[in-house]
Amino acid sequence: MSSDTLERIRLCGAVPQHVAVIMDGNGRWAVQRGLPRHAGHRQGMNAVREAVEGARQAGVEVLTLFAFSTENWQRPSSEIGALMGLLRLYAEKEKRELKRQGVEVHVLGELHRLDEGTRKSVDAIVEGTRGGEAMRLNLMISYSGREELLRAVRALARDAAAGRLDPESIDDEVLEGRLFTAGLPDPDLLIRTSGELRISNFLLWQLAYTEIHVTPVLWPEFTREHLFDAVLDYQGRERRFGRVTAGEG
Ligand code: IPE
Ligand code: IPE
Ligand code: MG
């Protein structure tokens, strides 16, 4: 399975090591077709498959997908039920194929809020894909960037109060060690679908210097070609990290 865009990505050099995605627009996709919102979420599963395979083909090492936010618990219970059902279906249906592709799945977030059945399916896909070396896939479920930082701060404060941690030793690395993404590089590229220009409480610490690509495409219509386009866009960026361009100083 090759594409011209994939060939161009190879020629352009550095592929983003870590790509994060805010998968948005399922509801609008359904409403545009006179369908219930859950039909959009169901269709969105195909896009997840496309994104995973495309990222692996492009040579991305870590793909982090925002699938359900802490704030999404405030949606109608019927929609939450449909989303949890799809998560179980995805975990059960895709486990073997992801293992075969060498994709190691991690599910990160406030997982104690999931119902028992969903929790079991999630544990099974994590267990069943452990050790995959082609790519790491993080599914962010019941995740909030602020809550992640609060958890980290609470854990550090507990250690300091117990005398196990010198507050002066707290630096980027120490804090990062307490985040769900501990041990991973920060995302190089963030993709958001459906044209919304906001972060929506995703990876607040980790996105400090991430390149952002927003596409108007609604998530259910997202294909690997859209992912390749985002990577090409990224490859044309100049990442300065607050410094000046080489040779300008
Ligand atoms: C993204 O699509 C999926 C989740 C947030 C779970 P939405 O459901 O937010 O779709 P829109 O933004 O209403 O179109
Ligand atoms: C962000 O999308 C969360 C996920 C993609 C899981 P939302 O649709 O929930 O975000 P807002 O409400 O547009 O900011
Ligand atoms: Mg949305």
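The values are calculated or read from the model by the stated rules, or taken from the named source; none is laboratory data. Remember, it's a predicted structure, so these values are computed and weren't measured experimentally. Reconstructed Cβ throughout: ideal geometry from the backbone, glycine too, with neighbour counts over all protein chains shown.
Miscellaneous remarks
- Selection from the range 115-144 of residues that are assigned to a loop (DSSP other than H, G, I, E, B) and either farther than 30 Å from Arg198 by Cβ or free of Cβ contacts under 8 Å to residues at least 12 places away in the same chain (or both): Arg130, Gly131, Gly132, Glu133, Ala134
- Filtered residue count, the range 104-144, keeping only those that are surrounded by fewer than 18 Cβ atoms within 10 Å (Cβ to Cβ), closer than 23 Å to Ala58 by Cβ and among the charged types (D, E, K, R): 1
- Scanning the range 168-210 for residues that are on the phi > 0 side of the Ramachandran plot and away from ligand 2 (no atom under 16 Å from the Cβ) gives a single hit, Gly183.
For (1) surrounded by 17 or more Cβ atoms within 10 Å (Cβ to Cβ); (2) out of contact with any Gly (no Cβ under 9 Å at 6 or more places or on another chain); (3) not hydroxyl-bearing (Ser, Thr, Tyr), each residue gets a yes or a no:
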site	(1), (2), (3)
Cys12	no, no, yes
Val19	yes, yes, yes
Met23	yes, no, yes
Arg33	no, no, yes
Ala39	yes, yes, yes
Arg42	yes, yes, yes
Ala51	yes, yes, yes
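- Only one of the numbered conditions (1) in contact (Cβ under 8 Å) with a residue 60 or more places away in the chain; (2) closer than 25 Å to Met84 by Cβ; (3) not in a helix (DSSP H, G or I) is violated by Glu147, and that is (3).
- For the range 77-103, the candidate set comprises residues that are small (Gly, Ala, Ser) and surrounded by fewer than 21 Cβ atoms within 10 Å (Cβ to Cβ); within that set, the residue that is farthest from Gly27 (Cα to Cα) is Gly102.
- Close Cβ contacts (under 8 Å, 6 or more residues apart or on different chains) running from residues in the range 152-172 that are in contact (Cβ under 8 Å) with a residue 60 or more places away in the chain to residues that are of a type in the set (A, V, I, L, M) and surrounded by 10 or more Cβ atoms within 10 Å (Cβ to Cβ) are absent.
- Output for the range 208-237, where each listed residue is touching a strand residue (DSSP E or B) at 6+ places or on another chain (Cβ under 6 Å) and over 24 Å from Trp29 (Cα atoms): Thr210, Glu211, Asp233, Tyr234, Arg237
- Within the range 219-249, the set of residues being among the small types (Gly, Ala, Ser) and under 19 Å from the mean Cα position of the chain (by Cα) comprises just one member, Ala230.
- Selection status of Ala182, closer than 25 Å to Tyr90 by Cβ, more than 15 Å from the chain's Cα centre (by Cα) and not basic (Lys, Arg): no
- Residues in the range 158-215 that are in a loop (DSSP other than H, G, I, E, B), away from ligand 3 (no atom under 16 Å from the Cβ) and aliphatic (A, V, I, L, M): Ala162, Leu165, Ile170, Leu179, Ala182, Leu184, Leu203, Leu204, Leu207, Ala208.
- Scanning the range 208-249 for residues that are under 18 Å from Val48 (Cβ atoms) and aromatic (Phe, Trp, Tyr) yields a total of 3.
So that you can scan it fast, the table gives a plain yes or no per residue for (1) at pLDDT 95 or above; (2) surrounded by 11 or more Cβ atoms within 10 Å (Cβ to Cβ); (3) under 23 Å from Ile9 (Cα atoms); (4) in contact with a Phe, Trp or Tyr (Cβ under 8 Å, 6 or more places away or on another chain):
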residue	(1), (2), (3), (4)
Ser169	yes, no, no, no
Pro185	yes, yes, yes, no
Phe202	yes, yes, no, yes
Pro216	yes, no, yes, no
Gln235	yes, yes, yes, no
Gly249	no, no, no, no
